[in-house]
Amino acid sequence: MMQTLKQAWWAPFAGVLALAQFWVGLAFIYGAGTSNVLDAESTAAGITLAFGGAGALAAGLWIRPRSRGLGNALVVAGAVLGAIWLWTVVMTPLAVVVIVGVVISQVHSTTPVAKTP
């Protein structure tokens, strides 16, 4: 697990975001912090989005050392799903940091490196 979080400077932020999304999903299941007025469809959508984002982030971090492109795509998808929870105040900035970090690391990895003789 520690190797997964050490692969890039933004990976610990992605881990924290995944945990936060998992927590939001649990909040929808147990009703903590959610309105009792929510209908079943809204609750199901919230659970699906929260656990889907957490799962995508975790899978992306786990796959990324072996398949960088797929891992990056999953991390970005999970972070986008984390950014929709605007009222949590912390998750959206974390999601932006993760997305920017993935983009920067992807651009940096495709930049040709000059070989020294």
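Key figures
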| read-out | value |
| --- | --- |
| Only one of V80, V75 that is in contact with a helix residue (DSSP H, G or I) (Cβ under 8 Å, 6 or more places away or on another chain), surrounded by 14 or more Cβ atoms within 10 Å (Cβ to Cβ) and under 15 Å from A8 (Cα atoms) | V75 |
| Test: residue in segment 67-86 that is farther than 24 Å from V107 by Cα, under 15 Å from the mean Cα position of the chain (by Cα), not in a helix (DSSP H, G or I) and not small (G, A, S) | yes |
| Of residues in segment 35-72 being surrounded by 14 or more Cβ atoms within 10 Å (Cβ to Cβ) and among the polar types (S, T, N, Q), the one modelled with the lowest pLDDT | T43 |
| Segment 1-32, subset loosely packed, with under 11 Cβ neighbours inside 10 Å and modelled with pLDDT under 75, residue farthest from R64 (Cα to Cα) | A32 |
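The values are calculated or read from the model by the stated rules, or taken from the named source; none is laboratory data. As the structure is a computational prediction, the values presented were derived from the model and not from experiment. For neighbour counting, all protein chains shown are included, and Cβ atoms are generated from backbone atoms with ideal geometry for every residue, glycine included.
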